[in-house]
Amino acid sequence: MASRMPSHSAILSKSLRASFQCLHRRPAQSLTPVQRQLQRRNISAYGYEQAKALTFPEYGDPPSVLSLHSHSISPAHGNLMTLRFLASPINPADINQIQGVYPSKPRFTTSLSTAAPIAVAGNEGVAEIIALGDKVKGEGFKRGDWVIMNGPGFGTWRTHASAETKDVVKLEEAARQGITPIQAGTVSINPCTAYRMLKDFVSLQPGEWFIQNGANSGVGRAAIQLGKQWGLKSINVIRARDDKAKEDKLKQELKDLGADVVITDVELQAQGIRDQAKEWTSGGREPIRLALNCVNGKAATAMAKLLASESHFVTYGAMSKQPLTIPASMLIFKDIHFHGFWVSKWANGNVEGKKKTVEDVLGLIREGKFKDTPTEVINWEWETKGEDLIAKVKDTLEGYREGKGVFVFGKT
């Protein structure tokens, strides 16, 4: 009777089983590179990438709806690329998006091997291309390139993703020089927001003033530093603290970044603030022509009152969850122009503009002229448990963090 030859798949299967068995017997230093990769996590012999993501099936309180989901990513082909994330921050907008109260909506999909649609949380981050199809190569991308997200809703709280070129903006080699993943992964929202607001609404000249609230936020810190680089002067408003020592420390911290004046929202609304503003601005001869608002409420109205006629007031947030009340006199007699700004909407129609803005900020970071926002590293390894990652998101939600939380991906 003729013997049957084993099939290719049977041989491959036997080889893989042998590799996995070896992993339990041999010390790590004696393993081949392929075996170390297999030990790190399960990888398909057919090129499927194994991934994990923080996902949610519906809107709600993040700790209640988030879960860690495992799935496979098909081999990159055609116009697809496979990304491995390096760093992804936790922004307030990410929390709002999970809650369902943010204008930008995530992508609910069944493409992650689920019966019902789910969405991946997170909007900002930097990833490395680890595989790409022929069409992607033809568009100037290659393995090892770093990319940031082109817009919100992609889902960045994950180890790996499949993406198209329209989903990402490539960081050129020169822009990456001397830049860490955390710096690249946190540059596209807060610094870009500050940059565009300082540039796009009024042409401020060196020596001129702007005023902002939320000055210790990521956008606020970026505005202080960018303004200083461009020769602008700034009045910066922070929330009053019960602990005056912490309040004074924060004021000094912002002055060290380049702030000219730092006051609290209580001081802003006190009698005599207009006289103080005149002292700061050479008797009022140096007009305050731009205001940046992310708070709203009475303090924002008080800030608007310090503006010169024909100035511009830009709102990009509403942290107090209070309305912005505009006295008619500001519109009629002072002709102050009120605007709204959302960097995601701006970026949708300005891909090249976003790329240039990001490169400019990264250039300042590289030259030591722009300091990172304080961050707390949240290590994400392949073995990291979902409940540990979700607990870190909950910490951000409840304000238990001095710096911005950033997922930093290790051996994933």
Picked from region 200-258 (must be surrounded by 17 or more Cβ atoms within 10 Å (Cβ to Cβ) and of a type in the set (S, T, N, Q)), the residue nearest to residue 278 (Cα to Cα) is 234
Reported set for region 93-115 where residues are out of contact with any Phe, Trp or Tyr (no Cβ under 9 Å at 6 or more places or on another chain) and closer than 23 Å to residue 191 by Cβ is 102
Of (1) surrounded by 14 or more Cβ atoms within 10 Å (Cβ to Cβ); (2) at pLDDT below 95; (3) over 17 Å from residue 125 (Cβ atoms), residue 402 satisfies every one except (1)
Report whether or not residue 271 is assigned by TED's automatic domain parsing to the domain that holds residue 211 and assigned to a loop (DSSP other than H, G, I, E, B).
yes
- Task: With the condition kept exactly as written, say whether any residue in region 327-345 is surrounded by fewer than 18 Cβ atoms within 10 Å (Cβ to Cβ) and of a type in the set (Val, Ile, Thr).
- Result: yes
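For every residue, the table says whether it meets (1) in the same structural domain as residue 197 (by TED's automatic domain parsing); (2) under 20 Å from residue 296 (Cβ atoms); (3) touching a residue at least 40 places away in the same chain (Cβ under 8 Å).
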position: 321; (1), (2), (3): yes, yes, no
position: 330; (1), (2), (3): yes, yes, no
position: 338; (1), (2), (3): yes, yes, no
position: 342; (1), (2), (3): yes, yes, yes
position: 351; (1), (2), (3): no, no, yes
position: 354; (1), (2), (3): no, no, yes
- Query: Taking the stated definitions as given, is residue 351 closer than 27 Å to residue 408 by Cα, within 23 Å of the chain's Cα centre (by Cα) and not aromatic (Phe, Trp, Tyr)?
  - Reply: yes
When region 224-263 is checked residue by residue, the ones that are touching a helix residue (DSSP H, G or I) at 6+ places or on another chain (Cβ under 7 Å), closer than 21 Å to residue 319 by Cβ and not aliphatic (A, V, I, L, M) are 225, 227, 234, 236, 239, 241
The helices (runs of 4 or more DSSP H) lying wholly within region 302-412 that contain at least 3 residues that are out of contact with any strand residue (DSSP E or B) (no Cβ under 7 Å at 6 or more places or on another chain) and within 28 Å of residue 103 (Cα to Cα) are 343-348, 351-366, 386-397
By residue number, the members of region 355-399 that are of a type in the set (A, V, I, L, M), under 16 Å from residue 122 (Cβ atoms) and in contact with a Phe, Trp or Tyr (Cβ under 8 Å, 6 or more places away or on another chain) are 378, 389
Within region 163-171, is even one residue surrounded by fewer than 19 Cβ atoms within 10 Å (Cβ to Cβ), among the basic types (Lys, Arg) and out of contact with any strand residue (DSSP E or B) (no Cβ under 7 Å at 6 or more places or on another chain)?
yes
- Would you say residue 95 is in a strand (DSSP E or B), surrounded by fewer than 23 Cβ atoms within 10 Å (Cβ to Cβ) and touching a residue at least 60 places away in the same chain (Cβ under 8 Å)? no
Looking across region 226-253 at residues that are touching a Lys or Arg at 6+ places or on another chain (Cβ under 8 Å) and in a helix (DSSP H, G or I), the single one that is nearest to residue 200 (Cα to Cα) is 227
Note on residue 196: of the conditions (1) outside the structural domain of residue 269 (by TED's automatic domain parsing); (2) surrounded by 15 or more Cβ atoms within 10 Å (Cβ to Cβ); (3) of a type in the set (Lys, Arg), unmet is (1)
Exactly one of 104, 111 is surrounded by fewer than 14 Cβ atoms within 10 Å (Cβ to Cβ) and in the same structural domain as residue 134 (by TED's automatic domain parsing), and that residue is 111
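The values are calculated or read from the model by the stated rules, or taken from the named source; none is laboratory data. For clarity, every value in this text was computed on a predicted model and none was experimentally measured. We place every Cβ from the backbone using ideal geometry, glycine too, and count neighbours over all the protein chains shown.
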